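The next block holds one structure in the form of structure tokens; read it before the comments.
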Amino acid sequence: MGLRRLRTAALLMTAAVLGACNGAPSNAPRAAYEQRRAALQEAIADNPKAIAERVALARVAIRLGDGVAAEAAVKGAIGAGANDAALRPLLARAYAMQGEGARALQTLDEGPIIPEMIGEAAWVAGDVHLAGGDLGAARDAYDRAVQELPRSSALWVDVARFRDANADTMGARDAVDYAIELDKTNSNALAFKADLVRTEEGLKASLAWYEAALKADPDNEEALIGQAATLGDLGRYRDMLVSLRHAATRVPGDPRLYYLQAVLAARAGNYRLARSLLQRTRGELDDQPSFMLLSAIVELELGGEAVAATWADRLLSEQPGNFTARRILAAAEWADGDADAAFAALLPIVRRPDADSWSLLLAARSAAELGMKTGSADYQARGAALTRGEAVPFAVDNDYGLITMAADAEPLNPASAIPAISADIAAGNAARAIGRAARLRDANRGVADAHILLGDAALAGGQFDLAVQSYRAARDLDAGERTTLRLANALYRAGDAAGSGAAILALRDSQPSSIAADRLAGHLAMDIEHWDQAIAHFERVRRRIGDRDVVVLRELARAWAAKGYDERALPLIDRAYRLQPLNAGIMEIYAGLLERRGKTQAAADLRDKAAQIGR
């Protein structure tokens with residue numbers, strides 16, 4: 001045997017081991033795979049009838065994410081005389097990688113598959129069904145794949161992805177942990193673990209896992225993009241750019257790169273650049289909620305009210321309880337001169353007792369424009385109270401009887417049970433809502449939303465201990481805003497103010513980009529007269545949302561005044577007064593500052609106006 005054949009045999013043995021499914025290292029650095037591909041191509045050129053080399057080349061191409069090359073290699077092996085029953089799953093995988101899911105499934109069904117490849121065939125089918133949103137078929141396929149390939153680390157990563165798509169956070173965590181146990185160098189497993197940790201424990205906690213994934217494979221684009229997004233949310237923009245630039249060398253046309261760069265541009269106030277970057281995604285991310293939200297914000301900032309409204313409306317069709325999208329839609333409709341549409345967008349918010357002052361103020365203006373004088377005055381008065389509340393949406397539907405009947409027939413079907421729980425709460429039947437939510441929770445203990453539903457129902461029914469218990473269980477699965485803010489509210493209403501504050505500060509530490517956490521942490525600091533901390537929290541909020549939040553402006557003015565910096569406090573309280581000219585509390589603060597500056601008549605006039613409003 002010649003030197004070249006000896007070298008080729010060694011390479012084939014290595015490629016076969018790397019390509020096998022059962023417990024094989026699945027994420028060797030890209031450079032090593034590229035070297036193997038070059039060597040295999042050389043071997044095939046030396047022997048055009050080679051079969052094993054072509055099969056090995058197909059597996060290497062799959063590892064490199066090159067579905068076209070994988071297809072060519074498999075077809076070349078079959079053309080050279082390989083058994084198509086053995087290679088059909090590999091060909092299906094190549095089609096699936098090219099986005100041809102239907103063709104992949106058709107390939108699997110076209111003929112027999114040898115027993116040794118049944119597991120891989122089921123695995124491909126699971127991936128195709130998952131990509132197509134058919135979770136039932138995906139579950140069946142993955143179950144078969146796991147039976148055949150129980151120790152495939154790469155397979156368990158896809159099982160974790162399936163469970164996460166099915167909202168089974170606990171199941172996803174178990175699957176990815178097992179994938180890492182099987183192969184501690186599996187970069188994809190480590191990267192997906194980072195994604196889960198980001199949701200469950202916070203931004204900072206996830207960074208170590210992204211670093212581990214990139215240590216195993218420095219060119220893992222999923223890890224690079226995930227790391228970049230996390231660094232951006234942490235405000236580490238220079239580090240974010242480093243990750244994005246590296247990712248761009250691997251997947252230069254990936255639309256997520258343009259989206260993340262657009263986020264960075266928007267945060268820097270360069271909305272024209274952000275729009276240009278969003279347009280370069282060529283519609284591939286249009287169905288993603290985060291993309292819709294950013295697009296709406298960017299268009300609104302650039303004066304494209306109609307386009308902004310379209311994006312916000314699209315997002316609300318997917319997430320009707322997204323109050324940020326509602327506010328953007330209302331602002332866009334108002335700016336476009338449609339007071340009726342602005343008022344309609346705000347109604348689900350302002351009907352709640354904890355509606356924010358900005359929404360109430362715009363509702364008051366819209367109502368006045370529509371001739372609703374009494375309603376306008378009511379919204380104006382409520383807005384002047386400047387409550388801190390963060391509204392938590394419940395779906396409300398008038399067809400109460402039909403909704404509850406459907407849920408009674410299918411108590412464990414979320415599509416029926418969730419609307420019924422919301423309807424029960426809206427109708428004041430909290431006990432029945434709690435019962436429905438408890439049954440749904442018991443059937444889905446690994447799903448954060450199931451615990452949140454029970455917490456919401458318990459909170460509505462005044463069962464604060466049950467609400468706290470449910471929200472804590474949800475936070476163990478998802479430590480983001482939606483769970484932590486609910487937990488903080490439930491703790492406060494249960495009389496545990498210290499626990500509520502600790503939950504808010506924990507969210508602030510784990511999710512530094514959280515506006516709600518900074519806002520609430522600022523209020524906590526104000527309550528204990530930690531002025532510098534309060535200023536830091538509220539200034540971060542102000543930088544993110546601008547000078548449109550009266551509460552933030554008022555609290556900043558109070559904090560600066562308490563420190564003796566009247567020159568910093570006056571412009572802030574003046575802006576707050578212009579936004580809420582009928583708020584007596586703001587007038588009192590403004591008057592005090594003016595008086596300290598020697599403007600006694602202006603201060604007296606403001607106090608007189610405040611007294612008249614109070615009468």
- Message: Going through GLY136, GLY99, GLY111 one at a time, which residue ends up being at pLDDT below 95, in a helix (DSSP H, G or I) and surrounded by fewer than 22 Cβ atoms within 10 Å (Cβ to Cβ)?
- Response: GLY136
- Task: Kindly provide the set of residues from the range 479-510 that are surrounded by fewer than 23 Cβ atoms within 10 Å (Cβ to Cβ) and polar (S, T, N, Q), ordered by number.
- Result: SER500, SER510
- Message: Could you check the range 301-333 and list, in sequence order, the residues that are crowded, with 22+ Cβ neighbours inside 10 Å and of a type outside the set (Val, Ile, Thr)?
- Response: ALA308, ALA309, TRP311, ALA312, LEU315, ALA325, ARG326, LEU329, ALA330, ALA331, ALA332, GLU333
- Task: Please work out if LEU466 is within 20 Å of the chain's Cα centre (by Cα), of a type in the set (A, V, I, L, M, F, W, C) and either assigned to a helix (DSSP H, G or I) or crowded, with 17+ Cβ neighbours inside 10 Å (or both).
- Result: no
- Would you pick out the residues in the range 81-139 that are polar (S, T, N, Q) and under 21 Å from ASP66 (Cβ atoms)? GLN98, THR107
- Message: Whether any residue in the range 596-606 is assigned to a loop (DSSP other than H, G, I, E, B) and under 30 Å from LEU294 (Cβ atoms) is what I want to check.
- Response: no
- Message: Every residue in the range 578-605 that is touching a residue at least 24 places away in the same chain (Cβ under 8 Å) and either in contact with a His (Cβ under 9 Å, 6 or more places away or on another chain) or of a type in the set (D, E, K, R) (or both), please.
- Response: ARG596, ARG597
- Query: (1) assigned to a helix (DSSP H, G or I); (2) without any contact (Cβ under 8 Å) to a residue 60 or more places away in the chain: which one isn't true of ARG486, the others all being true?
  - Reply: (2)
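Condition check ((1) free of Cβ contacts under 8 Å to residues at least 60 places away in the same chain; (2) under 21 Å from ARG365 (Cβ atoms)) across all residues:
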residue: SER295; (1), (2): yes, no
residue: GLY304; (1), (2): yes, no
residue: ALA308; (1), (2): yes, yes
residue: LEU315; (1), (2): yes, no
residue: PHE323; (1), (2): no, yes
residue: TRP334; (1), (2): yes, yes
residue: ALA342; (1), (2): yes, yes
residue: LEU347; (1), (2): yes, yes
residue: VAL350; (1), (2): yes, yes
- Query: Counting just the residues of the range 213-265 that are of a type in the set (Asp, Glu) and not in a helix (DSSP H, G or I), which one comes out nearest to VAL541 (Cα to Cα)?
  - Reply: ASP254
- Task: With respect to ALA216, determine if the residue is closer than 24 Å to ALA31 by Cβ, of a type outside the set (Val, Ile, Thr), at pLDDT 90 or above and surrounded by 17 or more Cβ atoms within 10 Å (Cβ to Cβ).
- Result: yes
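The values are calculated or read from the model by the stated rules, or taken from the named source; none is laboratory data. Note that this is a predicted model, so its numbers are computed, not measured. Methodologically, a virtual Cβ is constructed for each residue, glycine included, from the backbone with ideal geometry; neighbour enumeration extends over all protein chains shown.
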